[in-house]
1. My understanding is that a pair violates if its Cα-Cα distance is over 31 Å; which of Lys93/Lys217; Lys36/Lys87; Lys134/Lys248; Lys134/Lys166 do that in this structure?
2. Rolling a 1.4 Å sphere over the protein heavy atoms, what is the accessible area per residue of the chain, to the nearest Å²?
3. What is the magnitude of the charge dipole of the chain about its Cα centre, with +1 placed on the Cβ of each Lys and Arg, -1 on the Cβ of each Asp and Glu, and no other charges, expressed in debye to the nearest 20?
4. Let me check the size of region 95-222 from its C-alpha atoms; what are the radius of gyration and Dmax in Å?
5. Where Rh is the Kirkwood radius over the Cα pairs of the chain, the temperature 25 °C and the viscosity 0.890 mPa s, what D in µm²/s does Stokes-Einstein return?
6. Given region 30-182, report the % of alpha carbon pairs whose separation exceeds 25 Å.
7. Lys/Arg Cβ at +1, Asp/Glu Cβ at -1, dipole of the chain taken about the Cα centre: which of Trp300, Gln332, His178 is farthest positive-ward?
8. Once Lys and Arg get +1 and Asp and Glu get -1 on their Cβ, which of Val221, Gly236, Pro110 lies farthest toward the positive end of the dipole of the chain?
Amino acid sequence: MMSPKIRRFYYAMASGLASVLALVMAPVKSAGADGKIVIYMQMGGDPGIASVLARTTGAEAAAKALGIELHEQYASWDTKKMIDQFKEAIAAKPDGVEIMGHPGEDAMGPLVDQAEAQGIIVTSGNNPLPNLEKKYKDKGFGYAGADLYAGGYLTGQAMVESGKLKPGDKAVVWDIFHQEGRSRSSQGVFDALEKTLGKGNVDKLDVTQDIDSDATKGISVMTAYLAAHPDLKAIGTQHGQLTAILPKILKDAGKKPGEVVIGGIDLGPDVIAGIKAGYVVASFDQVLYLQGWDPVMQIWLTKKYLIPGLHQDTGVGLVTPANVDKIAPLIQQGYR
């Protein structure tokens, strides 16, 4: 038979455990007037464009499923605007904020510190912030997006294989090389191409902020590059809007499908048409729908159940002429 002293000990333990569980599982207090969890989320580009649409679709679906008040922020890929939007989000005192890492850790770090100090859950998507993720992982700072270098390298490899590129062929990687973190994807494409084509045969063509925000401003740049490099065999990029305009640039320059192969990213209508026409041999599929869904779910899980930050690699494959017909209907519906 249990002695009174031991019985009191177990009773105290049970009471303490019950108190802890009550704290963890108790309903959370949220920023919304009606008790809804409120989230501000950076979408990157502009509403409805190919490199954003599926992300928006995923975020809105998650918000609807989880009963979340979602505030979408669009920046035209302008890093300064992303910083300003993060400041606006913090000032609104929501439950959580999803940010993109394009401005870099030096720019975003102090703002993340400020938000975390105010009890705002911060997580990231599309472009990683590894040091901040490590620092605040226990408080729900995760990442939903591709491994940028690996995705770029995979694209470069697919260009070599599908485009039948060989040593000595000339190529250019047209992408953002000047931004911290973001340049890892373009460097991945460059390294994969250079491994086969050889040193000195792959150029880097940097993308300015103007072209990053409005890809049509790059048409004259690439048209001039093509004229100056008549022996060009391949163009690589990990910029969705550039991928979308490249087939028309090549067609207008008199290049036939396969004469200059394109390896790119994202899955808008123009990219799909480029794949079907034979201009684009591979487009990296970073599953933007999950880049919308996962950050919303991350903040919800952390707010309700103290789940730490999850690192979700969404970059797992390629869309090519071999599989484009199966995936195209989902792209048209805004899911891929």
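1. Going by Cα-Cα distance, Lys93/Lys217; Lys134/Lys248; Lys134/Lys166 fall outside the 31 Å limit.
2. Values: 15270 Å² over 336 residues.
That works out to 45 Å² per residue.
3. On the way: 34 positive and 37 negative charges, 216 e Å.
The calculation lands at about 1040 debye.
4. 17.7, 56
5. D, rounded to a whole number, is 115 µm²/s.
6. On the way: 4081 of 11628 pairs.
Looking at region 30-182, the distances longer than 25 Å represent 35 percent of pairs.
7. Trp300
8. Pro110
The values are calculated or read from the model by the stated rules, or taken from the named source; none is laboratory data. What you are looking at is a predicted structure, and each value in this text was computed from that prediction instead of being measured. Note that each Cβ is placed from the backbone with ideal geometry, even for glycine, and that neighbours are counted across all protein chains shown. The protein model used for the area step is the full one, side chains on, heavy atoms only, and it has no ligands, DNA or RNA in it. Shrake-Rupley method; radii C 1.70, N 1.55, O 1.52, S 1.80 Å.
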